[in-house]
Amino acid sequence: MLGYYINLALRSLRQNGVLTVLMVTAIGVGIGASMTTLSIFRAMSSNPIRDKSSRLFTPQIDNYGPGGEGAVTEPTSDHLPMELTYTDSVALMRAHRARHQVAMYATVVAVTPPDPRQLPIQVPTRATYADFFTMFDVPFEYGAPWSALDDDGAAPVIVLARDLNDRLFGGANSVGRTLRLNDQEYRITGVIEDWNPMPRFYDLYSGKFGGPEEIFMPFTRAVAQRLPSAGMTQCLKNPGTGPDVLLHSECVWTQLWVELPNDAAVRAYRSYLAGYVAEQRRVGRFGWPARSALRDVSQWLGYNRIVSSEVSVLLLVSLAFLLVCLLNAVGLMLAKFMARAPHVCTRRALGADRRAVFGQCLVEAGVVGILGGLVGVGLMMLGLHVAAGLFSGAAVALTRPDGGDVAIALALSVGATLLAAMYPTWRASHVQPAWHLKVQ
Amino acid sequence: MELRPVIAAMRRNRVGALLIAMQIAVTLAVLCNAVYIVQQRLSWTARPSGVDEADVFVISNQLIGSQRDLGSRIQTDLAALRAVPGIRDSYASNQQPLDNGEDEFGITLDPDHPAATRFTTVYYGDQRALATLGLTLSAGRNFNASEIGDCGDLPSGSLGGALVTRELAKQLDASGNVLGRVATLVPISLHVPIVGVIDRLEAPNVDLFGGSSIVEQSIILSCRFVNSRVDYIVHAMPGRLAETMRVAPLALAAVSRDRVILSVRSLHESRREIYRSDRTIALMLTLVCIIIVAVAVFGIVGLTSYWVSQRRRQIGIRRALGATRPAIVRYFQTENFLIAAVGVVIGAVLAVGGNLWMVERFAMTRLPFAYPLLGIVAMLSFGQLAVLWPALRAASVPPAVAARGV
């Protein structure tokens, strides 16, 4: 029966070519436009580390106090500083209250390529702990992270990103070789595969969607070398000048992430954090009832409102657009089905019941939906291609459509078309057979 | 034109009419808001930076190797740049206009009243800064050589002088009377007398501040910037930008290779880059507008054509009873006008409501009244345009149709 209905549907669609093309185009354009923005939206707001999102947490500490409200440039709901002071990061690292904990900050180093013909280059670098790679499930192409001993000893060791390894060593296994950073030799312990979470949830303020960090080195080493922060540094008071000033100041410039395996651990860590803050107040560092907060990855992304309002507006416009296209499709389908009322009457007179007519019209609508969906997927590819060229370089990676996008587009198209077809179909199945037969 | 028969016919075709009205309503709402956003974005991207953009480029440098005599290394670099034929002037700064910089501070003439604190963006520059950037001095004077000091990362204490933009002067003192007064930068508590007022100089973070006037509240501190990460701002002689942009890095490499040249970019390129997302949004919304209007128009064409074909007999009867062709065309035009009128009224409400919601949610500005009004006129005209072809087809129905059939 379904085969017969599909056959009938195709026949009927061919019969009234202009209306069919209008309908398919309307649905296709609506789906294409809304899906283009929806996939940009999805990519920008997606959780970059879905599997562990609810187990990774970042603490915040109110070291600014009541005076901090104007100092936090990104206005958030609770006016807490977005980062930690060096003092707090080191204290929380030492306390070792979570299964894994890593302090980190963004820096840059000048790299002298091993090939003397190449000029020195500047490379975005993350200073962190060996646990970084375990905690964030970073895949390795060669070698492994440095050891905890290297962390303790501020050893000159690094992990490279594959891209940099390709540029400097032609993609060869460079583990064990050395590289000159800021005129010092560093031993390479590993090369990671392509890994660039978007958005870079662990440090949203060193270029939200920016280029990847290509060198990783021990936090302790970077601090020992006084490598400057290349991320956001916020101070409430002038910290003064000198190489050590950031280490002892109340300026925030480091990030800390902890892995907590279950709710009990989260509760325990929260109370530890509150206790730590209270202790700092007791020793006179804070003259106010200092607050603290602990957020997991998705809460952190939401708190920082990383989806730009532009994309939200665009999404909204596209949904309105889809609505117009569907209203349009309802109208056209109504026209189409009612124009076929005589056909329907003949079928009814020959014994088809209302359900059969209803089913047949829905199949026809479904075929229109699939065709519209295919047009929509084509337009979405085109739209994403255009968007990739227009949005700034780094966002290109965001806008590669995946199987999920295509599936959503097709499902949305068929679903929306069937929904739009409900009323016209109902009307068609309720025409009075006798009425039209008389006219003929 | 008698309205009654039109309305009576519409009553019998309520759903179709409602569908068209709703399409028109949503289209109008989207159109108003989208055009408003586009217009706003384009006007942002057209704001002048205050700099002579055609002739200025920036070399971003990271000096490596020994960091002990950075000050003299930078001065040697600058001298080498000025010796390049075709380069008029150059100086060292912490940041450049039309690029994402960071040095933002509070500023006030009255440190005892925190409420008087305004927001500012700090540029460092010596007495060559004005000429190199091509800025216009509207009051006061340029820095003296004696006022220039060396600045590392964050200066504190006091400095020789500052140039503020007219907008910042207005913010600091409603009468704009700031010359000779001492400004305090917070939180670094730096005290500096204001020696001059410049017409205009945009902060680097034009996109961060969107349409806000904070973007025009810049200050230039009388500083020779001494830092391993330094921007050389270079002014080429007219027409010699491309040539000097090619030669200048070579001149620097000849001075010393202990450096990473991060980029050599003209302000034109910086402008293109920083406004890229604004242009993208504007372009996408424009496309959406065009397509949404097209879809609505085709929808009207399709549905009206269907009505025409449904009513062929009635039209034939009217024609046989003496109605002229223009009368038939007018009938369909009136019908469309009535439907569209309902649509645009709902649409105008939706447009304003949508805008208010965005004001609340995304810090948008209020939609000027002209937008819904122009939108109404536009949608009514599009409706009339869309209905023309089906109406003409209806008018061509011969009166003989009335005699046929049944």
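Some points to look at:
- Of the residues in the stretch A:239-257, not one is more than 22 Å from residue A:128 (Cβ to Cβ), in the same structural domain as residue A:409 (by TED's automatic domain parsing) and polar (S, T, N, Q).
- The helices (runs of 4 or more DSSP H) found entirely in the stretch B:235-331 that carry 1 or more residues being at pLDDT 90 or above and of a type in the set (Lys, Arg) are B:241-255, B:267-274, B:312-320.
- Of all residues making up the stretch B:10-36, the number that are more than 7 Å from chain A (Cβ to nearest Cβ), under 28 Å from residue B:368 (Cβ atoms), over 27 Å from the mean Cα position of the chain (by Cα) and surrounded by fewer than 24 Cβ atoms within 10 Å (Cβ to Cβ): 1
- Pairing residues of the stretch B:262-287 that are within 30 Å of residue B:32 (Cα to Cα) with residues that are assigned to a helix (DSSP H, G or I) and aromatic (Phe, Trp, Tyr), at Cβ distances under 8 Å and at least 6 apart in sequence or on separate chains, gives B:275/B:44; B:278/B:44.
- Residue in the stretch A:350-359 that is of a type in the set (D, E, K, R), within 14 Å of chain B (Cβ to nearest Cβ) and surrounded by fewer than 17 Cβ atoms within 10 Å (Cβ to Cβ) present: no
- Of all the listed residues (A:80, A:84, A:119, A:92), the sole one being of a type outside the set (Val, Ile, Thr) and farther than 24 Å from residue A:248 by Cα is A:119.
- Output for the stretch A:182-196, where each listed residue is more than 32 Å from the chain's Cα centre (by Cα) and either surrounded by 15 or more Cβ atoms within 10 Å (Cβ to Cβ) or more than 25 Å from residue A:119 (Cβ to Cβ) (or both): A:182, A:186, A:187
- Of all the numbered requirements in (1) among the charged types (D, E, K, R); (2) touching a strand residue (DSSP E or B) at 6+ places or on another chain (Cβ under 7 Å); (3) closer than 30 Å to residue B:251 by Cβ; (4) in contact (Cβ under 8 Å) with a residue 60 or more places away in the chain, residue B:118 misses one, and that requirement is (3).
Residue-wise test of (1) touching a residue at least 24 places away in the same chain (Cβ under 8 Å); (2) not hydroxyl-bearing (Ser, Thr, Tyr).
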| residue | (1), (2) |
| --- | --- |
| B:15 | no, yes |
| B:52 | yes, yes |
| B:56 | yes, yes |
| B:60 | yes, no |
| B:65 | yes, yes |
| B:79 | no, yes |
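- Any hit, the stretch B:197-208, residues being in a helix (DSSP H, G or I), surrounded by 22 or more Cβ atoms within 10 Å (Cβ to Cβ), touching a Lys or Arg at 6+ places or on another chain (Cβ under 9 Å) and more than 14 Å from chain A (Cβ to nearest Cβ): no
- If you go through the stretch B:88-115 and pick out every residue that is out of contact with any helix residue (DSSP H, G or I) (no Cβ under 6 Å at 6 or more places or on another chain), closer than 26 Å to residue B:238 by Cα and more than 14 Å from chain A (Cβ to nearest Cβ), you end up with 5.
- Residue B:272 vs. criteria surrounded by fewer than 16 Cβ atoms within 10 Å (Cβ to Cβ) and within 44 Å of the chain's Cα centre (by Cα): yes
- Residue match in the stretch B:99-109 (condition: surrounded by fewer than 21 Cβ atoms within 10 Å (Cβ to Cβ) and either in contact with a Cys (Cβ under 8 Å, 6 or more places away or on another chain) or of a type in the set (A, V, I, L, M) (or both)): yes
- Some residue of the stretch B:375-387 being closer than 30 Å to residue B:320 by Cβ, assigned to a helix (DSSP H, G or I), touching a residue at least 60 places away in the same chain (Cβ under 8 Å) and not small (Gly, Ala, Ser): yes
- Answer from B:197, B:226 - the residue that is touching a helix residue (DSSP H, G or I) at 6+ places or on another chain (Cβ under 6 Å), of a type outside the set (Ser, Thr, Tyr) and at pLDDT 95 or above: B:197
- Among residues of the stretch A:306-345, those that are among the basic types (Lys, Arg), at the interface with another protein chain (Cβ under 10 Å from one of its Cβ atoms) and assigned to a loop (DSSP other than H, G, I, E, B), counted: 0
- Number of residues in the stretch A:113-144 that are outside any helix (DSSP H, G or I) and away from chain B (no Cβ under 14 Å) equals 16.
- Residue ID - modelled with the lowest pLDDT, chosen from residues in the stretch B:389-406 that are assigned to a helix (DSSP H, G or I) and either surrounded by 16 or more Cβ atoms within 10 Å (Cβ to Cβ) or touching a strand residue (DSSP E or B) at 6+ places or on another chain (Cβ under 7 Å) (or both): B:402
- Picking from residues in the stretch A:175-197 that are among the acidic types (Asp, Glu) and in contact with a strand residue (DSSP E or B) (Cβ under 7 Å, 6 or more places away or on another chain), the one that is nearest to residue A:127 (Cα to Cα) is A:185.
- Single residue of the stretch A:210-243 satisfying the filter (surrounded by fewer than 18 Cβ atoms within 10 Å (Cβ to Cβ) and of a type in the set (Lys, Arg)) that is nearest to the other protein chains (Cβ to nearest Cβ): A:237
- From A:260, A:301, residue being buried (at least 18 other Cβ atoms within 10 Å of the Cβ), under 24 Å from the mean Cα position of the chain (by Cα), modelled with pLDDT under 90 and among the aliphatic types (A, V, I, L, M): A:301
- Selection within the stretch B:137-158 - at pLDDT 90 or above, part of a loop (DSSP other than H, G, I, E, B) and under 23 Å from residue B:104 (Cα atoms): B:142, B:143, B:148
- Selection status of residue A:110, under 27 Å from residue A:54 (Cβ atoms), within 14 Å of another protein chain (Cβ to nearest Cβ), touching a residue at least 12 places away in the same chain (Cβ under 8 Å) and among the aliphatic types (A, V, I, L, M): no
- Among the candidates B:285, B:321, residue that is facing another protein chain (nearest Cβ under 7 Å) and of a type outside the set (Gly, Ala, Ser): B:285
- Looking across the stretch B:278-301, the residues that are within 24 Å of residue B:392 (Cα to Cα) and surrounded by fewer than 22 Cβ atoms within 10 Å (Cβ to Cβ) come down to B:293, B:294, B:297, B:298, B:301.
- Verdict on residue B:320 being in contact (Cβ under 8 Å) with a residue 12 or more places away in the chain, more than 23 Å from residue B:17 (Cα to Cα) and assigned by TED's automatic domain parsing to the domain that holds residue B:16: yes
- Qualifying position, being touching a helix residue (DSSP H, G or I) at 6+ places or on another chain (Cβ under 8 Å), crowded, with 17+ Cβ neighbours inside 10 Å and among the basic types (Lys, Arg), among B:128, B:118: B:118
The values are calculated or read from the model by the stated rules, or taken from the named source; none is laboratory data. Bear in mind that the values here come from a model prediction, so they are computed numbers and not experimental data. Positions of Cβ are generated from backbone atoms using ideal geometry, with glycine treated the same way; all protein chains shown enter the neighbour counts.
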